[in-house]
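Undergrad: Just dropping this structure here.
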Amino acid sequence: MPKPTVSVVVPVYNALPYLTELLDSLAAQDIEAGSLNVVAVDDGSTDGSADTLDDFCHRHEHFSVIHQSNSRRPGRPRNVGLRASDSTYVFFADADDRLAPECLRRLVTCAEEQGSDVVIPKMVPLAGRGFPTAVYEKTLLDADLVTAFRTLFPQKLYRRSLLTAHDIWFPEGIRLDDGNFNAQAYVHAKRISILSDYDYYFLRARKVGKQLSRTERDPVSYTASVVKLLEIVREHVKDLVMADQVVLDLYRRKCLHEYEPRRFSLYDAAIQDAWIAVHKSLVERFITEPMERRLESPFRERSYFVRRGDRAGLLESSRHETAPIVSATVTRAGWANDGLEIAVNASVYGRLGLPRQLICQLLRRDGEGGSAFPITRPAEETPDYGQSAQYEGVLPHRSIEALIEGAYDVHVVSVSGQERLSGRACWGEGVAAPRERAGLRIHPTRNGQVRVKKSVDTSLDLRGVLGRVAGTLGWRH
């Protein structure tokens, strides 16, 4: 009997009522007759899934089932199915998902025509399942490792000779078994292709039943699985720039997400400390500070505190992730040739790096007017988290003249894309208030904040008087 082109391996544990939908979608594949066989591995189901599999196999000769005791994780049943199958390609499906009718034929065609060792199909959320889909937006017949590592789901087509040549199996009984398997396949593959031209595979959010991969995470064992992924990358990816990118992305996705405020704040102190300790050890081994600085906010802030083992800093930072605030203190105010010069010490809590420029804004207390001018950080270096930086700027004379009479509050504003953060400025201790000029007075309030008052200027300087007289008489000078 000729060897089938592709085998589909399906680990099954208490997958009803979804299992029948998955099996029907496999039976409906439009791949050439005799090219497909399906190996389902019942991992000790107790809900009737075993009987459903037996019945389906009796009715479809290219389907087979293996029954075994429960192993708690999908790695072992996938390995059992892999050993029991014999085909040029192997595809792993989960018992609660479904395949589109042309899925396997299209994947095999791509592998044959492109010489791909791994073909990644476009995956579509089903029943509210949430996962990043950006990696599936564009077909890439020769995807780089950075892109490929953004999807570690096992629902892919693998060339069996790749798995055999490098002795690639799912590690059994650990977390991220699918990630470990994919990491090995990716680093050894001669070509990885991503197909986005068709909705190939539908990944379900299960509301009933059991998923083999869904168990509580222990900080030590889970992080040990992440470390294994990073070791594979460091050992086999010789392009150091690409290796850094892959490692940094895995660290962001598999470690730093643990500090999402709504998750981390619910852990008790012992669990919080456990996560920080294992991640700190990982950082010291794999993540350099230059790599860390390439992270986007808020992951950069999280990593900063993890590196220092600072739980209090993490909790404080997380409080400001969803609502960052600006803190600003006036450290100097005085008159210059071009206007009122102001120096401000500013921080943006909930953000690691301070922007090169902030905005100093005067808002009339009755809401009927205001003015704004830029304040700039002179130093080129980005300050570390928790440090403030000195900003300086000038409210020009023409803006002062344009202010209408009244009292103004002073705010410091950070603008980044659509985001606008604002904080009321305070008056620094021991800072002298400059004398009033041009009807403008800046001073501290009783509660230590900054107030600007604009009044009608009745004492015009000599130059102003002469200018008006000259204008009236038509003189030029």
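The values are calculated or read from the model by the stated rules, or taken from the named source; none is laboratory data. Just so it is clear, the model here is predicted, and its values are computed rather than measured. Methodologically, a virtual Cβ is constructed for each residue, glycine included, from the backbone with ideal geometry; neighbour enumeration extends over all protein chains shown. When the accessible area is computed, the model is the full protein with side chains, heavy atoms only, and any ligands, DNA or RNA have been set aside. Shrake-Rupley method; radii C 1.70, N 1.55, O 1.52, S 1.80 Å.
Undergrad: Have a look at Arg150, Arg175, Arg106, Arg129 and point out the one that is in contact with a strand residue (DSSP E or B) (Cβ under 8 Å, 6 or more places away or on another chain), open to solvent by 10 Å² or more (accessible area, probe 1.4 Å) and part of a loop (DSSP other than H, G, I, E, B).
TA: Checking each option against the conditions leaves just Arg129.
Undergrad: Then there's this: If you scan the range 153-171, which residues turn out to be in contact with a helix residue (DSSP H, G or I) (Cβ under 7 Å, 6 or more places away or on another chain) and open to solvent by 20 Å² or more (accessible area, probe 1.4 Å)?
TA: Passing the criteria: Phe153, Arg159, His166, Trp169, Pro171.
Undergrad: On to the next question. Out of the residues in the range 66-79 that are open to solvent by 40 Å² or more (accessible area, probe 1.4 Å) and of a type outside the set (S, T, N, Q), which is farthest from Leu16 (Cα to Cα)?
TA: Step by step, filter the range 66-79, then rank; the result is Arg76.
Undergrad: Now for a separate question. Does the range 31-44 hold any residues that are surrounded by 14 or more Cβ atoms within 10 Å (Cβ to Cβ) and either out of contact with any helix residue (DSSP H, G or I) (no Cβ under 9 Å at 6 or more places or on another chain) or part of a loop (DSSP other than H, G, I, E, B) (or both), and which are they? Before the answer, list the steps.
TA: Step one: list which residues in the range 31-44 are surrounded by 14 or more Cβ atoms within 10 Å (Cβ to Cβ), which gives 31, 35-44.
Across the range 31-44, the qualifying residues are Ile31, Ser35, Asn37, Gly44.
Undergrad: Scan the range 7-15 and tell me whether some residue there is within 20 Å of Asp86 (Cα to Cα), assigned to a loop (DSSP other than H, G, I, E, B) and modelled with pLDDT of 95 or more.
TA: Scanning the range 7-15 turns up no residue that is within 20 Å of Asp86 (Cα to Cα), assigned to a loop (DSSP other than H, G, I, E, B) and modelled with pLDDT of 95 or more.
Undergrad: Against the definition (more than 15 Å from Pro101 (Cα to Cα), acidic (Asp, Glu) and surrounded by 19 or more Cβ atoms within 10 Å (Cβ to Cβ)), how does Asp47 come out, yes or no?
TA: Values: more than 15 Å from Pro101 (Cα to Cα): yes; acidic (Asp, Glu): yes; surrounded by 19 or more Cβ atoms within 10 Å (Cβ to Cβ): no.
Against the criterion (more than 15 Å from Pro101 (Cα to Cα), acidic (Asp, Glu) and surrounded by 19 or more Cβ atoms within 10 Å (Cβ to Cβ)), Asp47 does not qualify.
Undergrad: Taking Glu235 as the residue in question, decide whether it is crowded, with 19+ Cβ neighbours inside 10 Å and more than 27 Å from Val10 (Cβ to Cβ). Let's see the steps before the verdict.
TA: Details: crowded, with 19+ Cβ neighbours inside 10 Å: no; more than 27 Å from Val10 (Cβ to Cβ): yes.
When the stated conditions are applied, Glu235 does not pass them.
Undergrad: Give me the pairs: first residue in the range 281-295 and open to solvent by less than 70 Å² (accessible area, probe 1.4 Å), second residue outside any helix (DSSP H, G or I), beta-carbon distance under 8 Å, and six or more apart or on different chains, which are they?
TA: Here the result reads Leu282/Cys255, each pair linking the range 281-295 to a residue that is outside any helix (DSSP H, G or I).
Undergrad: So, one more: Do we have any residue at all in the range 81-98 that's small (Gly, Ala, Ser) and open to solvent by 30 Å² or more (accessible area, probe 1.4 Å)?
TA: Yes, there is a match, as at least one residue in the range 81-98 is small (Gly, Ala, Ser) and open to solvent by 30 Å² or more (accessible area, probe 1.4 Å).
Table: residues versus (1) farther than 24 Å from Ser225 by Cα; (2) touching a residue at least 24 places away in the same chain (Cβ under 8 Å).
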| residue | (1), (2) |
| --- | --- |
| Asn79 | no, yes |
| Arg83 | no, no |
| Ser87 | yes, yes |
| Leu107 | yes, yes |
| Lys122 | yes, yes |
| Leu145 | no, yes |
| Tyr158 | no, yes |
| Asp167 | no, no |
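Undergrad: Going through the range 186-202 one residue at a time, which ones are among the hydrophobic types (A, V, I, L, M, F, W, C) and within 24 Å of the chain's Cα centre (by Cα)?
TA: Val187, Ile192, Ile194, Leu195, Phe202
Undergrad: Which residues, taken from the range 199-227, are open to solvent by 10 Å² or more (accessible area, probe 1.4 Å), in a loop (DSSP other than H, G, I, E, B) and modelled with pLDDT of 95 or more?
TA: Result: Asp199, single match.
Undergrad: Restricting to the range 49-71, what's the tally of residues that are in a loop (DSSP other than H, G, I, E, B) and either more than 41 Å from the chain's Cα centre (by Cα) or in contact (Cβ under 8 Å) with a residue 40 or more places away in the chain (or both)? Can you show your working first?
TA: So in the range 49-71, the residues in a loop (DSSP other than H, G, I, E, B) come out as 60-62, 69-71.
With either more than 41 Å from the chain's Cα centre (by Cα) or in contact (Cβ under 8 Å) with a residue 40 or more places away in the chain (or both) added as a condition, the list becomes 60-62, 70-71.
Residues in the range 49-71 being in a loop (DSSP other than H, G, I, E, B) and either more than 41 Å from the chain's Cα centre (by Cα) or in contact (Cβ under 8 Å) with a residue 40 or more places away in the chain (or both): 5 in total.
Undergrad: State all residues of the range 405-434 that are under 18 Å from Gly393 (Cα atoms), of a type outside the set (Gly, Ala, Ser) and more than 42 Å from the chain's Cα centre (by Cα); if no residue qualifies, say none.
TA: Within the range 405-434, Val431, Pro434 meet the criteria.
Undergrad: Filter the range 298-334 down to the residues that are in contact (Cβ under 8 Å) with a residue 60 or more places away in the chain and surrounded by fewer than 17 Cβ atoms within 10 Å (Cβ to Cβ), then identify the one that is farthest from His411 (Cα to Cα).
TA: Filtering first and then ranking leaves Thr322.
Undergrad: Filter the range 21-30 down to the residues that are in a loop (DSSP other than H, G, I, E, B), open to solvent by 30 Å² or more (accessible area, probe 1.4 Å) and not charged (D, E, K, R) and list them by number.
TA: Ala28
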